[in-house]
Amino acid sequence: MNITESKWIEEEREELLHALDRRVKGFAILTEVAQIAAESLNLDEVLSNSLDKVRELMAVETMAIILANEQTGGVTAVAHGNVLPKFLDKVKKLPIDNSITGRLALSGMPIVIGDTSKYPQWADISLREEGIQSVAAVPLKSSGRVIGTLIVASHDLHSFSSDDIHLLSTIGEGLGPALKNAELYDALRGKTRQLEAQNKKLLRWQQELVEKTKEAEGASRLKSEFLANMSHELRTPLNVITGFSELMLDEVPGPVNNKQKQCLDDILDSGKHLLGLINELLDLSKIESGKMVLNLKSIALTAVIASSYNTIMAILTPKKQSLDVDVKIAEGLPRVYADELRIRQVLLNLISNSAKFTPDGGKLKVEVVQKGDWCQVSVIDNGIGIKKEDQKRIFEPFCQLDNPLTKPKSGTGLGLAIAKQIIEKHGGRIWVESEYEKGSRFIFTLPLVAAA
């Protein structure tokens, strides 16, 4: 072997050793970057430390990592070197489809520019403006997709060899997943902070709602107490008025003429009507304050309806309306578990309401059937019916619907609201089925004794 061959072999050996050394350092960098990502998962920290390691290995003046943001279409960029401010400002403003990252995403192949002056189309990132004469860029991939770019740049011409590109590509392949994990973690932290802020806001709103609810409950309690007190105060003189009116009609103090009797009848009717309104207000205040106690026991519903017949007919007779009671149980209706007085009140309220919305001579019907473990009672009329939009609010307190069959509104609009509260306290439910101008069906359910 001559001197020339020996020298060539030595040079070849040194190049191989140098390449091997760089390859080993490259894998060492990948290991360190992976460790950084595992320990930190802070995107900015991982980006910065990764650049430090790559710059140490490549000995270049300027380098950058650019990550594509799929949601916004922009980029996240970090750079090291003496062109940092201008370089980053320019890169961050670029559309993803008009940047090196965008072009790498399309090709998936490294880009090497030995002389930037010969490639004016790359001026979009101001390489030549910053005195950069050569550039190498490799894709950062995660799960086979390009998520960003690793760019190195030099002020010298043709600074990057094929070995450099191969080393950069190797680093890029290992760096991509680590950066993606850090990016996902960063996004997760952002979402977590956002959720924490929203949770604090919701807690604040919840606290405000609790306070407002307490205020509303306090106001409702005061209203109920006021209604109860005022009702009691009004009932005493009204009982005196109705009592003396009845005594005078019975001519206990002395005889009265026909004109005086008519006036006394009007006074008595008005007094009783007013007492009825006051009793409704008292019932509502008791229910809202939780003071209404049900006397629950086994009762025969048919007997309740029969015992209420005279009172019901007193409501219907002035309008020449008829009533049909239909109990659709061949063997007899099982007994229900209920408060007899309150169920009678519900029946009278429903029949009175139906009578108001039924023309003179109309027909009303009470239908009682068994539905499984429940007794279902329906009050049916052939009156003017209820509009669909009104059916949603008819059971609300103080709700009064326009009725062309009656004089200006009378009553408190509490009858159906009280009926609803009473039935629900029994564990049943109440609803209405109606077609405007064709009549209505008010339905409520009560538990049978065996099911209660």
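Here are some pairs, Lys212/Lys388; Lys212/Lys291; Lys118/Lys180; which of them have Cα atoms lying more than 30 Å apart in this structure? Display every interim value, and only then the final one.
Values: Lys212/Lys388 32 Å; Lys212/Lys291 23 Å; Lys118/Lys180 34 Å.
Where the Cα-Cα span goes over 30 Å, the pairs concerned are Lys212/Lys388; Lys118/Lys180.
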Mind checking which of Asn310, Ser322, Cys375 is farthest towards the positive end of the stretch 263-404's charge dipole, using Cβ charges of +1 (Lys, Arg) and -1 (Asp, Glu) about the Cα centre?
-> Cys375
Can you tell me which of 203-216, 267-280, 50-63 comes out highest on packing, and rank the rest after it, using the mean Cβ neighbours within 10 Å?
-> 50-63, 267-280, 203-216
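Would you kindly state how much longer the chain becomes between Glu225 and Asp52 on full extension, computed as 0.36 nm times their sequence separation minus their alpha carbon distance, in nm to one decimal? Numbers along the way, then the final one.
On the way: separation 173, 0.36 × 173 = 62.28 nm, distance 7.65 nm.
The span from Glu225 to Asp52 would gain 54.6 nm if fully extended.
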Would you please give the FRET efficiency between Asp163 and Gln194, computed as 1/(1 + (r/R0)^6) with r the Cβ-Cβ distance and R0 = 51 Å, to the nearest 0.05?
-> 0.65
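Order of 157-169, 218-230 by packing, highest average Cβ count within 10 Å first?
On the way: 157-169: 16.7, 218-230: 13.5.
Put in order of decreasing packing, that is 157-169, 218-230.
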Under a plain spin-label model, where a point goes 7 Å from the Cα along Cα-to-Cβ, how far apart in nm are Glu233 and Arg145?
-> 7.4
Can you give the extra length, in nm with one decimal, that the chain gains between Asp373 and Tyr436 once fully stretched, where that is 0.36 nm per residue apart less the Cα-Cα distance?
-> 19.5 nm
Please give the length that would be gained between Val449 and Trp205 if that part of the chain were fully extended, namely 0.36 nm times their separation in residues minus their C-alpha to C-alpha distance (nm, one decimal).
-> 83.3 nm
Residues in the stretch 199-237, backbone N under 17 Å from the label point at Phe398 (7 Å along the Cα-to-beta-carbon vector): list them, ranges by number please.
-> 216-231
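Here, each number is a calculation from the coordinates, and none is a lab measurement. Keep in mind that this is a model prediction, so the values were computed, not measured. Quick reminder, even Gly has a Cβ in these numbers, built from the backbone with ideal geometry, and neighbours come from all protein chains shown.
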